[in-house]
Amino acid sequence: MSGDHGRIALRPAGRSPLDLAQCRAGPAVTPLRQRWQRGVAPSGDPMHVHLLRPSSAVAAPVDADPIGETPVRRAARLLAGLPLFDGVLDESAESALEGATVRSAPAGTVLFRAGEPAEALYVVIEGRVRLTLGRPPTVRVLASTERGDTIGLAALLRSDVYPVNAGVVADALLVELPAETIRRAIVGHPVIAARLIGDMGAKLARFVRDIGGFTQRTARARVARLLCDLHRDAPAGVVEVAFDEPKRLIAMRLAMTPETLSRELHELAAQGLIESRRTRFRVLDAAGLAQAAEDAVPVAGTT
C-alpha cells in the first residue's frame, strides 16, 4: 500500500502475488463488502477489501453514457445496477426521479460540510467518499463509502443539516438526488421507501455495534474483530488481506493511536494468530482470532 491511494494486495491460494503496480481504486477493483445492500447489516468496521486484477485486465466501464440519454434516464440506469435499487425502478418509478443528476467528482472534491443544509442524497456509483468530523488538525474519520453506499439520507428526511463532512478521496461518479426528488419517490413508491429505510437501519445497526465495541472491548479485541471481518469477507481462495487506508486512519476509526494499533497487531502475530507484514495479513488461526475479538474490558469490582 502506498500513501492514501488505497492499493492493496490479495494473494489467491496456489498462485504467486499479482503485479498490481498499475492498479488503481475504481473500475479496476472489485469491492467485496456489499452485504448491507442486500438488507443485511455488516457486522464489522466498514473498511473494504478488494480483489485486484492484473494491470493487463481491462474493466468494463460502469457508465457507458448512451448517446441521447436524458440525465434522469442515465441516473435511473446507474441506480438500477445497484442492489439497493435492483428491480424497483420501473418506468413509473423513473418518472419520480425527475431532478436527479449524475455527477463526476475528482479526488479532493468536498460534497458538503457539517452544518450545511441537507439538500441532496448522494449515491456512490464509482470511487470512494470519506465521512469525517471536525476540522484539521483534529479530524476524526467515521467511514469510507464505496459503490452502492448512500450519503446524507437521514439528515435530508429530517430537513436537517448534514452532521458530517463528506469528501471524495478516489475519483467518484455519483448520482445526486435533490430532497424534493427523494420525497416524491418515497411518497409514490413504497418499495423505494422500504429499501431506503432498510439502508438506514443497516447503518444504525453498524453504528450501534461499533459503539459497543469501543466501550466494551479492549483495543486488541477491536483489532482482532476487524481482521476477522476482513478474513471472513475475502473471496474463496484468498489467503492474504490488507487494509485499504493508511494505518493512522484505521487507528482513528478504531478509537486508538497508530502506535497502539501497531502494538496490538504485533501481539496478535506473537500469539500465532496472524502473520503480519506492514499492511498485509494472513490469518493463521481463525478460531483463536475470533476468541481474541471477544476480549471484553474488565468491569470494575469483578475478577
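The values are calculated or read from the model by the stated rules, or taken from the named source; none is laboratory data. This is a predicted model, so every value here is computed, not measured. Positions of Cβ are generated from backbone atoms using ideal geometry, with glycine treated the same way; all protein chains shown enter the neighbour counts.
Do we have any residue at all in the stretch 244-260 that's crowded, with 17+ Cβ neighbours inside 10 Å and over 25 Å from residue 138 (Cα atoms)?
No: the stretch 244-260 contains no residue that is crowded, with 17+ Cβ neighbours inside 10 Å and over 25 Å from residue 138 (Cα atoms).
Having 1 or more residues that are polar (S, T, N, Q) and surrounded by fewer than 20 Cβ atoms within 10 Å (Cβ to Cβ) is the bar; report the helices (runs of 4 or more DSSP H) wholly within the stretch 164-243 that clear it.
In the stretch 164-243, 190-216 are the helices (runs of 4 or more DSSP H) which contain 1 or more residues that are polar (S, T, N, Q) and surrounded by fewer than 20 Cβ atoms within 10 Å (Cβ to Cβ).
Output the residues belonging to the stretch 150-185 that are in contact (Cβ under 8 Å) with a residue 60 or more places away in the chain and acidic (Asp, Glu).
171, 176, 180
Name, by its number, the condition in (1) outside the structural domain of residue 105 (by TED's automatic domain parsing); (2) out of contact with any Phe, Trp or Tyr (no Cβ under 8 Å at 6 or more places or on another chain) that does not hold for residue 230.
So residue 230 meets the others, but not (2).
So, in the stretch 264-297, how many residues would count as being farther than 16 Å from residue 239 by Cβ, charged (D, E, K, R) and touching a helix residue (DSSP H, G or I) at 6+ places or on another chain (Cβ under 7 Å)?
Final tally of qualifying residues: 4.
For the stretch 44-100, enumerate the residues that are at pLDDT below 85, surrounded by fewer than 17 Cβ atoms within 10 Å (Cβ to Cβ), closer than 29 Å to residue 201 by Cα and among the small types (Gly, Ala, Ser).
92, 95
Tally time: how many residues in the stretch 246-274 are within 22 Å of residue 288 (Cα to Cα) and outside any helix (DSSP H, G or I)?
5
I'd like the full set of residues that are free of Cβ contacts under 8 Å to residues at least 60 places away in the same chain and part of a strand (DSSP E or B), limited to the stretch 112-143.
Passing the criteria: 112, 117, 120, 122, 123, 124, 129, 130, 131, 132, 133.
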